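Note sheet for the following structure.
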Amino acid sequence: MRRLVALVLLPPLLLTACATVPLTGRKQLSLIPDSQMNAMSYQQYDQVLAESTLSSDAKATAMVQRCGRRIQGAVEDYFRANGLSHHLDGYQWDFNLIESEQVNAWCMPGGKVAFYTGILPLCGDEAGVAVVMGHEVAHAVAEHGGERMSHQLALSLGGMALSEAVKDKPDETRALWLTVFAVGAQYGAMLPYSRTHELEADHMGLIFMAMAGYDPRTAPEFWQRMAAAGGQAPPEFMSTHPSDETRIRHLKEKMPEALAYYQH
Ligand SMILES: [Zn+2]
């Protein structure tokens, strides 16, 4: 029944509440205003930082922040060149390195990035950090979190006017947020992204890292190391979404496009 409701509802929604993902051009459902996503993001980011210990390794922290600024610059350049700068309105970029054994990193809406020291050995060097940075920033600027929340909202609220529901039901919206961004000291990870979102973040991240001056050929090497390490990683870095072979093949397919930006 639920599925039937969704099928009836989605076509008009897709006409009125559709956005386009920068770079890939994929159409996505977008029911939650960026300003609302960013406000929830900034609040939770502050909370995560308050509950965490920042790394005391000044050199590693500087590397993560330098890499972050370079990826940010690439994103801003790409968006400006394509008339998409409004997508970044309200962004408050932030890059922090958290002391933790977790093999983890994420970027929340509005450019709030956290790296965990546990992922640095797998990154190896700054180009490896750029693979992860580009991928996580891509999830944020492609608004994958908002898209997931929009789908859940469409399913859970049925026939209500959805834009009204978002305004009138802050508690429900907040609860939806937590189903997507369960990022806290106790969880440590966002829920796994879909295969579509993972491959899209890989593609966009590859372009952003290349534009930022990092060799994109580092990316398939990183994901191969991640696959070999397996096991203890949180969902975002588990090797099943998509399969390792699919991910590596897809990255290699996009490599000529990325190398054209790198050699520019
Ligand atoms: Zn991802």
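DSSP loop (so not H, G, I, E, B), at most 11 other Cβ within 10 Å: list which GluC sites (Glu not before Pro) in segment 72-116 pass both filters.
Those that pass, being in a loop and sparsely packed, are Glu101.
Sort 68-75, 120-127, 34-41 by packing, meaning the average of other beta carbons within 10 Å per residue, with the highest value first.
Answer by packing, highest mean first, reads 68-75, 34-41, 120-127.
Would you compute the Debye intensity of segment 68-135 from its alpha-carbon atoms alone, equal scatterers and no solvent, and pass along log10 I(q)/I(0) at q = 0.14, 0.18 Å⁻¹ to two decimals?
-0.45, -0.69
Multiply the residue gap between Glu257 and Ala175 by 0.36 nm, knock off their C-alpha separation, and tell me the result in nm, one decimal place.
25.6 nm is the gain from fully extending Glu257 to Ala175.
Cut-off is 10 Å between beta-carbons; in what order do Lys112, Lys254, Lys169 appear when sorted fewest neighbours first? Don't jump to the answer; show the numbers that get you there.
Values: Lys112 24, Lys254 19, Lys169 15.
With the sparsest Cβ surroundings first, the list reads Lys169, Lys254, Lys112.
In segment 28-147, how does Rg compare with the Kirkwood Rh, expressed as the Rg/Rh ratio over alpha carbon atoms?
Computed over Cα atoms, the ratio is 0.97.
Between Ala60 and Gln224, take the C-beta separation as r, use R0 = 25 Å, and let me know the FRET efficiency to the nearest 0.05.
With R0 = 25 Å, the Cβ-Cβ based efficiency is 0.65.
What are the residues whose amide H is under 5 Å from the amide H of Ile98, where those residues sit 5 or more places off or on another chain and H is modelled from the backbone?
Ser55, Phe115, Tyr116, Thr117
Per the Kirkwood treatment, what hydrodynamic radius in Å, one decimal, follows for segment 48-88 from the mean inverse distance over all distinct Cα pairs?
So the Kirkwood estimate lands at 12.2 Å.
Every number here is computed from the coordinates shown, using simple stated rules; none is lab data. All figures in this text were calculated on a predicted structure; none of them were measured in a lab. Heads up, the Cβs are rebuilt from the backbone with ideal geometry, glycines too, and the neighbour counts pull from every protein chain shown.
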